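Peer 1: First the structure, which I've put down as structure tokens, then a few questions once you've had a look.
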Amino acid sequence: MIKQKKPATTAFCSVSIKKDESNDKIIFLTLDETLKLLEVMESQIIFKKAMVNLLVNTGIRSGELLGLLWHDINFEEKTLTIARQRTRDGLGPPKTASSYRTIMIDDDLLALLLEFKNWQEKNEEEIEDYIKSDYVMVDETGKEFYHTKPQDMMKNFLRYAGIPERKSTHLLRHTHAVLQLEAGVDIKTVSTRLGHKDINITANTYLHVTPNHEQKSLEKFINYLKK
């Protein structure tokens, strides 16, 4: 999970995206904006904090988030498995065959999820008429998120962080991909985490999004030549 402070960068970037994700222009957050958003989430109720941190740190789709069950998270192996999604039509299979995937998650996110799970169990004991289920994303009464709840909340979160408002969680999926590439993660790993069916989709979508990635790639090449 991102914690360290970084210099401010250009705000609220956008770029055209290939049809695998959307026909619209994608919106993603810069590193500076992502840090601001995560800082704001520290003061929010835990189910909201968990939602944003999950989206930022995994790049999963909103429907995949809503379809998560607690047994999809392996706290010992430090993995998260995408096996279904929940949309307006109900619970169903992921978007594509390649969307079935198991990805690694970091210790900080695991700790937050464990805290979230314990919070749910405590609520189950203390709140009358608590709605018991195995869904990860529920509120303080155990009620599972309706399919547009993440999008509805994102607009407020962005406003709290002083970032241009957008009623969408998909920008955090794009943010995850862009920041992974800027951090030097290889394109194959990013593609697998996103559940893309073809590595070319990931490359064509994201490699040209920000000059930071191109600059870092050039620096790596020059440093290699100087060895």
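Peer 1: Mind telling me which of the residues 189, 202 ends up being in contact with a Ser or Thr (Cβ under 9 Å, 6 or more places away or on another chain) and of a type outside the set (D, E, K, R)? Outline the logic, then answer.
Peer 2: Working: 189 fails: in contact with a Ser or Thr (Cβ under 9 Å, 6 or more places away or on another chain).
After applying the criteria, what remains is 202.
Peer 1: Tell me whether segment 142-154 contains one or more residues that are part of a helix (DSSP H, G or I) and acidic (Asp, Glu).
Peer 2: First, the residues of segment 142-154 that are part of a helix (DSSP H, G or I): 149-154.
Adding the requirement that they be acidic (Asp, Glu) leaves 152.
Yes, there is a match, as at least one residue in segment 142-154 is part of a helix (DSSP H, G or I) and acidic (Asp, Glu).
Peer 1: Something else about it: Can you find a residue that is of a type outside the set (D, E, K, R), under 16 Å from the mean Cα position of the chain (by Cα) and open to solvent by less than 30 Å² (accessible area, probe 1.4 Å) anywhere in segment 121-135? It would help to see each step written out before you state the result.
Peer 2: In the first step, residues of segment 121-135 are kept if they are of a type outside the set (D, E, K, R); the result is 123, 127, 130-131, 133, 135.
In the following step, the residues that additionally are under 16 Å from the mean Cα position of the chain (by Cα) were identified as none.
The answer is no, given that none of the residues of segment 121-135 is of a type outside the set (D, E, K, R), under 16 Å from the mean Cα position of the chain (by Cα) and open to solvent by less than 30 Å² (accessible area, probe 1.4 Å).
Peer 1: Where in segment 157-227 are there helices (runs of 4 or more DSSP H), lying fully within it, with 2 or more residues that are closer than 20 Å to residue 80 by Cα and modelled with pLDDT under 95?
Peer 2: On the way: elements: 170-182, 187-194, 199-206, 211-225.
Passing ranges, in order: 170-182, 187-194.
Peer 1: Picking from 58, 102, 81, 87, which residue would you name as being among the hydroxyl-bearing types (Ser, Thr, Tyr) and buried (at least 19 other Cβ atoms within 10 Å of the Cβ)? Steps first, please.
Peer 2: On the way: 102 fails: buried (at least 19 other Cβ atoms within 10 Å of the Cβ); 81 fails: buried (at least 19 other Cβ atoms within 10 Å of the Cβ); 87 fails: buried (at least 19 other Cβ atoms within 10 Å of the Cβ).
Unique residue meeting the criteria: 58.
Peer 1: Of the conditions (1) open to solvent by less than 40 Å² (accessible area, probe 1.4 Å); (2) under 17 Å from residue 55 (Cα atoms); (3) in a helix (DSSP H, G or I), residue 108 clears all except one; give me its number.
Peer 2: Residue 108 satisfies every listed condition except (1).
Peer 1: List the residue pairs whose Cβ atoms are under 8 Å apart, where the first residue sits in segment 155-176 and is open to solvent by 60 Å² or more (accessible area, probe 1.4 Å), the second is outside any helix (DSSP H, G or I), and the two are 6 or more positions apart or on different chains.
Peer 2: These pairs meet every condition: 155/165; 155/166; 155/167; 159/165; 164/11; 164/12; 166/27.
Peer 1: What single numbered condition from (1) out of contact with any helix residue (DSSP H, G or I) (no Cβ under 8 Å at 6 or more places or on another chain); (2) modelled with pLDDT under 95; (3) open to solvent by less than 10 Å² (accessible area, probe 1.4 Å) fails to hold for residue 67?
Peer 2: (2)
Peer 1: Here's another thing I want to ask about it. Could you please find all residues in segment 82-91 being part of a strand (DSSP E or B) and touching a residue at least 12 places away in the same chain (Cβ under 8 Å)? Write out each step before concluding.
Peer 2: First, the residues of segment 82-91 that are part of a strand (DSSP E or B): 82, 85-87, 90-91.
82, 85, 86, 87, 91, listed by residue number.
Peer 1: Could you tell me whether residue 43 is modelled with pLDDT of 95 or more and in a loop (DSSP other than H, G, I, E, B)? Can you show your working first?
Peer 2: Numbers: modelled with pLDDT of 95 or more: yes; in a loop (DSSP other than H, G, I, E, B): yes.
Here the answer is yes, as residue 43 does meet what is asked.
Peer 1: Taking interchain pairs and intrachain pairs at least six residues apart, which have beta carbon atoms under 8 angstrom, with the first residue in segment 95-123 and within 20 Å of residue 190 (Cβ to Cβ) and the second part of a helix (DSSP H, G or I) and open to solvent by 60 Å² or more (accessible area, probe 1.4 Å)?
Peer 2: 101/192; 103/192
Peer 1: Take the residues of segment 177-202 that are small (Gly, Ala, Ser) and over 24 Å from residue 63 (Cβ atoms): which is surrounded by the fewest Cβ atoms within 10 Å (Cβ to Cβ)?
Peer 2: Of the residues in segment 177-202, the ones small (Gly, Ala, Ser) are 177, 183-184, 191, 195.
Checking the rest, the ones that are also over 24 Å from residue 63 (Cβ atoms) come to 183-184.
Details: 183: 13, 184: 10.
The extreme case among them is 184.
The values are calculated or read from the model by the stated rules, or taken from the named source; none is laboratory data. Fair warning: this is a prediction, and the values are worked out from it, not measured in the lab. Note: ideal-geometry Cβ built from the backbone for every residue, glycine included; neighbour counts use all protein chains shown. Ligands, DNA and RNA are stripped out before the accessible areas are found, and what is left, the full protein with its side chains, is counted by its heavy atoms. Shrake-Rupley method; radii C 1.70, N 1.55, O 1.52, S 1.80 Å.
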